[in-house]
Structure formats: C-alpha cells, structure tokens
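Worksheet: the structure to be examined is printed underneath.
The values are calculated or read from the model by the stated rules, or taken from the named source; none is laboratory data. Quantities reported herein were computed from a predicted structural model and do not represent experimental measurements. In this analysis, Cβ positions are derived from the backbone assuming ideal geometry, glycine residues included, and neighbour counts consider all displayed protein chains. Surface accessibility is based on the protein's heavy atoms, side chains included, excluding ligands, DNA and RNA. Shrake-Rupley method; radii C 1.70, N 1.55, O 1.52, S 1.80 Å.
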Amino acid sequence: NGRIGEDVTAQVKTIRSVPLKISFTGRLIVQGECMMTNKAFEEYNKTADIPLKNPRNGVAGAVRNLDPKETERRKLDFFCYDVTFAENLSLTSQKQMHEFILSQGFKTGNFYKDIKTIEEARSEIMKIDKIKDNLDVMIDGMVIKVEDCTVRDEIGYTNKFPKWAM
C-alpha cells in the first residue's frame, strides 16, 4: 500500500546473488534491483510452457509470485546499488556505500567510477552506450549520482526519486 509491503522473503532467498548471511550485525536497508541475464532468459524459455518476451518481463512479477520455485527457475540476479539505512554506521559517500555493499557479499555493478567533470561523464556515457548491447543484461544506460551524502540530503527527493541521481 506504499507503506507496508508484501512478504517476499521466500522468493528472495532463491536469488543466488542475495547473501543469506552478512557480517554486519545491525539493522540494514539496502536498495537494488533484480535482473535476469540474457543467458538465464534463453535457458528459461527452452523449457517454459509460456516463453517470456524478454528478460525484463522475466523479472516483472517474479519476486511477487506465490511460488518460490518459479522465482528460482528464472535464475534472477540482484544488483545492490544503495544503502538507505545502516544502524550505527555512518556512510558519507557513494564510494563508502559501494565498498560496504561489496564487503557484505552483495553483487553490484562492475562499472562504478568516480567522475569529476561533465566531460568525464560524457565520455563514460559514450563508452557504456557502445558496449551495452553486448552485456549479458539489458540496460538503458547508466546512473550518475552525487558522491557526497550530505549534499544528497540537501538536494533531496521528488515524491518517488532522488534528485541527486540521473
């Protein structure tokens, strides 16, 4: 309902890239997204009664379905990209979050890069644009975020999205 979500724990436990145990002992909230690789999509469709149209369709609803075995059959991956809360831990930058996410065993994108100028950003966008069709996951592009979490707090959010990421 926008405040209380559904319990999808059984389904999420079937996603191999979600660590079932982490070393961090406090309360933790991470954000990320599920993806289905092109390879997993092709393998799934070989035996599916109703083939999926594309990997994105394979993810849509897969975590919310009632059968964890169906979620597992889709061989989803989870890519973590943000820490929204970490009890008694101060993460003040995207770099610290990225390193923390990795230290806890979460999968994250391989394309993290510290950018200082608009020209560097444009260059990286063009590099990704050239290789995106050859990746094993469907992407539209890349996300550029403000590094400093204090500045992020000052910039704020719209009703649904952070203003400090595009």
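Structure above, values below:
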item: Residues of the range 22-77 that turn out to be under 27 Å from Met142 (Cβ atoms), of a type in the set (Phe, Trp, Tyr) and open to solvent by 30 Å² or more (accessible area, probe 1.4 Å), as a count; result: 1
item: Test set (1) closer than 21 Å to Met35 by Cα; (2) among the aromatic types (Phe, Trp, Tyr); (3) open to solvent by 40 Å² or more (accessible area, probe 1.4 Å) - Phe85 fails condition number; result: (1)
item: Some residue of the range 32-44 being in a loop (DSSP other than H, G, I, E, B) and in contact (Cβ under 8 Å) with a residue 12 or more places away in the chain; result: yes
item: Where Ile15 falls short, out of the listed (1) aliphatic (A, V, I, L, M); (2) out of contact with any Phe, Trp or Tyr (no Cβ under 6 Å at 6 or more places or on another chain); (3) closer than 27 Å to Thr84 by Cβ; result: (2)
item: Tabulated pairs, the range 111-122, first open to solvent by 100 Å² or more (accessible area, probe 1.4 Å), second not in a helix (DSSP H, G or I), C-beta under 7 angstrom, 6+ apart or interchain; result: Phe111/Met142
item: Qualifying residues in the range 143-166 (those that are more than 17 Å from the chain's Cα centre (by Cα) and open to solvent by 90 Å² or more (accessible area, probe 1.4 Å)) - the one farthest from Arg122 (Cα to Cα); result: Asn159
item: Filtered residues of the range 8-21 (kept if open to solvent by less than 80 Å² (accessible area, probe 1.4 Å) and touching a residue at least 24 places away in the same chain (Cβ under 8 Å)); result: Val8, Ala10, Gln11, Val12, Thr14, Ile15, Ser17, Val18, Pro19
